[in-house]
Each structure stands twice: as structure tokens, then as C-alpha cells.
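The values are calculated or read from the model by the stated rules, or taken from the named source; none is laboratory data. Fair warning: this is a prediction, and the values are worked out from it, not measured in the lab. As a convention, Cβ positions derive from the backbone with ideal geometry for all residues, glycine included, and neighbour counts pool all protein chains shown.
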Amino acid sequence: MSISSGSISSSPAPVAYDPGSGPVLEVDDLHVEFRTRSGVVSAVNGISYSVDQGETLAILGESGSGKSVSAQAIMGILDSPPAVITGGGIRFQGRDMLTMNAEDQRQIRGPGISMIFQDALSALNPVYSVGFQIGEMFRAHRGTSRKEAKQHAVELMDRVRIPAAARRVNDYPHQFSGGMRQRVMIAMALALDPRILIADEPTTALDVTVQAQVMDLLKDLQRDTGMGLILITHDLGVVNEVADRVAVMYAGKIVETGTVDDVFTRPAHPYTLGLMNSIPQVEAKGGRLNPIVGQPPNLAAIPSGCSFHPRCPRARSGVAAAPGRDCVGDVPPLRLVVPGREAACHYSEEVLGV
Ligand code: SF4
């Protein structure tokens, strides 16, 4: 679907992911801190990634790995203070958003980059109808009349497959099921035809059947519009189903990145390998799960060297370590390990067996 100022075309041509199209969004060495009374929390520690037209990048990690904070930095919705972007750049179609003025940022956030959240009920305003809230996007950004905005809202509700959209446009959020509320959020996010959609755990609050329906809807909409999709999740199954590439985050850094097929079939980082081994296997009925031992680190006191070393079964230090590759003392850089794959581990070649 293509929405222009005041009109909606209803028969879009599918737009395929074109790896040669160039990045729409580039995040470059981004650093975010939270400066609290009890100390500095280093939430994002130099992450870089890019998203092309029509591409789905999954950002995968446990709670507290920094994946949502980096998305909030892109959207300009970090609470500041205490959050401070201390370094790096965020470029949308080549323009650095961190150095542009507030009005230029407003022209990008919403029309250019949009976001949907995990909990639609708290993201929607309970005292306004869903039609009013969807229509607000058109009124605020395009000065559309109230009547026209309502018509656009009905068309968008139709587009995200909310049954009887014309009748339900005046209903309130509490009158919708969780899955339908998430569709309302998606309609709002798509209203201005964004080039990038960030979906932060979009299906976590939904049951499994509805999760699959919402992910199918997102993929269909992406195919129709050609938008890039950043999917933030801790759900390996969702990543495997819908993403083209994956960036695995740990302690505010990307520790592995590559195509989903490559990373899932042959992880190059022990953390990714641990995530894969912790997936319950249907055929291993009665078998034991293999969770990663220990807890994610406190981001106010990140371990030295490789931040994963206290939990890593392959960690080596002192005389056991190769020169310059001491897991406790030397920070492993994110580096090309094999073509198309980067990992931040001193011993990725061993993990891969190459
Ligand atoms: Fe494990 Fe060392 Fe690799 Fe870190 S650098 S993941 S501690 S082997």
C-alpha cells in the first residue's frame, strides 16, 4: 500500500527485498548510557547495523541486552535524563538524525521511521476511539480534515484485516482483543507509509496462534510496501520464520551477525550457540533443557575482557589463552570470521570448526 497526502492506493505491487538497494537506515557505533544516582549504566556500547529496503533485520537478545534501548534511541523516545546518547550516529537515507534540528527529526519519526510496541493496551489511549487515534497520524502530520482522516482510518483497519472496519472505527481499545489491538497499533505505524518499521517484541503478549497471524500480516505488509523491518525479539522461532539477517546482542554489544540461515545452522559465537542449545527439541521428549548458565551481566559493572566470559564454557585466560586473546583481559572485537559473518569471540574459528 502506498499512502500519499490525502489518498490511499489499495492495490500495491509487491516490493521484494533487494540486497543491492543500499541502506535506508544506518546505525553507526551507537553508545547510550543511563546516568543514575547509583552509577552509570552502559546500555548500548558501540553497535552498528544497517537495514535495506524490504529487508528484515532481527535484533535478538535476552532482556537487558540493549536491543530495545537502541530502537528507542532511533525513535528519539529515550527518557533523557537519565538516558544520554554519548556517541555514534543514526542516519536515515544518508542524513544524520542526531545532528538535525527537532523539526527535521519530526519529519522522519512517524513518516520515515515508525514503531510498534509490545503492549498495545498501554500504548493506545483508552479514552479515544481507535479510529480517532489512527486518524490523528494524518491530522498531525498532513493537516487532513477529520472526516478524511476517519476514512483513512477505516481503510487502514481494513488493510490490517480488522473485520467490519467501518463499523468498528468508533470502538475503543478495550473493546478489541489483544490481537486486534496489535493490528490497530500496526495500522497507526503504517499510516504515513514509513520506510522503516521497528517492531519491539510485537507478539510477546499474544497467544501462539495470534502471534503467527500478526507476523504473517507484518510480512505481507512489508512485501506490499517495501519497507525495512527491524524486529526486536528474544524469540528464536520468530527470527527463524521471518528475518533475513540477525544481529545477536549481549551486554549492549552485537556479538554475532549474519544471515539467519548461517547463524542458526552454524553459530560462530558461544553465546549464540548457547541460545540454540537452549531451544527445547520436540523429538527429545523427557530430555533435559540446556540453558546458558548464570545471569546476564549488570550493565553498571560489565565484566572485563569478553563480557560473556563468566558464563562461557570456552573461556580461557592466563597461560591457557593465546597471546592477545585472553577472555578475561582482552576485549574481542566484532570481526569478519567467514564471508558474510561477523562475531566478537577470540575463538570463533574453533566454534565453527574452520
Ligand atoms: Fe567465550 Fe572467550 Fe569467546 Fe568470549 S572470547 S565468547 S569468553 S571463548
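Does region 274-291 contain any residue that is over 25 Å from L57 (Cβ atoms), in a loop (DSSP other than H, G, I, E, B), at pLDDT below 95 and in contact with a strand residue (DSSP E or B) (Cβ under 9 Å, 6 or more places away or on another chain)?
no
So is S317 among the polar types (S, T, N, Q), within 9 Å of the ligand (Cβ to nearest atom) and out of contact with any strand residue (DSSP E or B) (no Cβ under 7 Å at 6 or more places or on another chain) or not?
yes
Across region 340-354, what is the total count of residues that are surrounded by fewer than 17 Cβ atoms within 10 Å (Cβ to Cβ) and either at pLDDT 95 or above or within 11 Å of the ligand (Cβ to nearest atom) (or both)?
The number of residues fulfilling the criteria is 2.
How do the helices (runs of 4 or more DSSP H) wholly within region 128-247 filter down when requiring 1 or more residues that are within 28 Å of Q93 (Cα to Cα) and at pLDDT 90 or above: which remain?
Passing ranges, in order: 130-142, 146-159, 178-190, 208-225, 236-242.
Among the residues of region 248-272 satisfying the criterion of being under 20 Å from N290 (Cα atoms) and either in a loop (DSSP other than H, G, I, E, B) or under 13 Å from the mean Cα position of the chain (by Cα) (or both), which is nearest to the ligand (Cβ to nearest atom)?
The extreme case among them is H269.
Tell me yes or no: at least one residue of region 178-194 is basic (K, R) and closer than 21 Å to V127 by Cβ.
The answer is yes; a qualifying residue exists.
Please give the strands (runs of 3 or more DSSP E) falling wholly within region 27-96 in which 3 or more residues are surrounded by 22 or more Cβ atoms within 10 Å (Cβ to Cβ).
The qualifying strands (runs of 3 or more DSSP E) are 39-52, 56-60.
Given the structure, is E103 part of a helix (DSSP H, G or I) and either of a type in the set (F, W, Y) or farther than 30 Å from Q175 by Cα (or both)?
Answer is yes for this residue.
Pick out the one residue from V331, V337 that is within 12 Å of the ligand (Cβ to nearest atom), part of a strand (DSSP E or B) and either surrounded by fewer than 18 Cβ atoms within 10 Å (Cβ to Cβ) or at pLDDT 95 or above (or both).
None of the others qualify; the one that does is V337.
Going by the structure shown, is I134 in contact (Cβ under 8 Å) with a residue 12 or more places away in the chain and closer than 24 Å to H31 by Cβ?
No; evaluated as a whole, the condition is false for this residue.
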